[in-house]
Amino acid sequence: MSYIAYLTHGGGPLPLLNDPGHRELVASLRELAAVAPTPKAILLVSAHWEASPVSLTGHPSPSLIHDYYGFPEAAYSLRYPVPGQPALAERARALLEDAGVPASVDQERGLDHGVFVPLSLMYPAADVPVVEMSVHSSLEPALHRRLGAALAPLLNDGVALIGSGSSFHNMAVLMGRDRSLAALEANRAFEDWLRDTLAEPGLSTLERGRRLDQWRAAPGGAFAHPREEHLMPALVCAGAAGDRPGRVFAGRMGAANVSSVLWV
């Protein structure tokens, strides 16, 4: 059995550039990796790839996509020479198709920063094969929980299922443009709700799914995620976890509270 994790991956390449505002987040990701079992391979769902149908990387030696702008030159020379695993991509595609979800394998696409930034911190040796998967461009919550449920059998093969996004993704707050008390209260309210939803032992799979499907109605929900792509990987993870509660690893990005969650 492997593990499931939802990661807050930080602002672009900043976690790898010794940014002071990311120190707590970096520490939380390293702590999570230290307690998680070492997987045979990783299937990582990135918020930075939206596709319909759902798509997976199939290249045996994927390149990196430096999909950000306005950062120091060092950000564009970052490397993470991790191998891909085409057989895992095909296995995941088949599981999704069997669950009635169309999926495809992209033989050329590289790995975006939602993949190589957190994995550089968690597995710096780049020795665990990685397949990246997109979120579905519909950004429909129940569909993303279905994706996770369909992919859960991979855990029995020693594959880690990782969702990479951000528990809080209001850019005005994260970039320091909104420092109001109301903004920080909304941040805390949504973080509390997400922690309770993903880590509360008493919640059934049905109730957890109902809460996640209605996340916009949660305290601070629409403020925390003006657009929901960074939350969708969490729903994939919750779908795979079923009724198992997760363990929360708290961090910060600047003034904002953020979280990552581990299920083992």
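The values are calculated or read from the model by the stated rules, or taken from the named source; none is laboratory data. Computed from a prediction, not measured in an experiment: that's the story for all the values here. Glycine gets a Cβ as well: all are built from the backbone with ideal geometry, and neighbour counts include every protein chain shown. Side chains included, ligands, DNA and RNA excluded: accessible areas come from the protein's heavy atoms. Shrake-Rupley method; radii C 1.70, N 1.55, O 1.52, S 1.80 Å.
A search for C-beta distances below 6 Å between a residue of segment 237-263 that is within 15 Å of Arg30 (Cα to Cα) and any residue that is small (Gly, Ala, Ser) and open to solvent by 20 Å² or more (accessible area, probe 1.4 Å), counting only pairs 6+ apart in sequence or on different chains, returns Val248/Ala199; Ser259/Ala250. Taken together, the residues in segment 90-111 that are hydrophobic (A, V, I, L, M, F, W, C), in a helix (DSSP H, G or I) and farther than 16 Å from Val236 by Cβ amount to 1. Listed by first and then second residue, the pairs linking a residue in segment 10-23 that is more than 20 Å from Asp67 (Cβ to Cβ) to a residue that is of a type outside the set (Val, Ile, Thr) and assigned to a loop (DSSP other than H, G, I, E, B), with Cβ atoms under 7 Å apart and 6 or more places separating them unless they lie on different chains, are Gly21/Gly254.
The number of residues in segment 214-246 being more than 17 Å from the chain's Cα centre (by Cα) and in a helix (DSSP H, G or I) comes to 5. Looking at this structure, is Arg195 in a helix (DSSP H, G or I) and more than 18 Å from Thr8 (Cα to Cα)? Judged against the criteria, Arg195 is not a match. Among the residues of segment 10-27, write down those that are in contact with a Gly (Cβ under 7 Å, 6 or more places away or on another chain) and not aliphatic (A, V, I, L, M). Selection gives Gly21, His22, Glu24.
Let's see how each residue does on (1) open to solvent by 10 Å² or more (accessible area, probe 1.4 Å); (2) basic (Lys, Arg); (3) outside any helix (DSSP H, G or I):
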residue: Ser61; (1), (2), (3): yes, no, yes
residue: Phe116; (1), (2), (3): no, no, no
residue: Asp127; (1), (2), (3): yes, no, yes
residue: Pro153; (1), (2), (3): yes, no, no
residue: Ala160; (1), (2), (3): no, no, yes
residue: Gly163; (1), (2), (3): no, no, yes
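Tell me whether segment 7-22 contains one or more residues that are at pLDDT 95 or above, under 17 Å from Pro129 (Cα atoms) and among the β-branched types (Val, Ile, Thr). Scanning segment 7-22 turns up no residue that is at pLDDT 95 or above, under 17 Å from Pro129 (Cα atoms) and among the β-branched types (Val, Ile, Thr).
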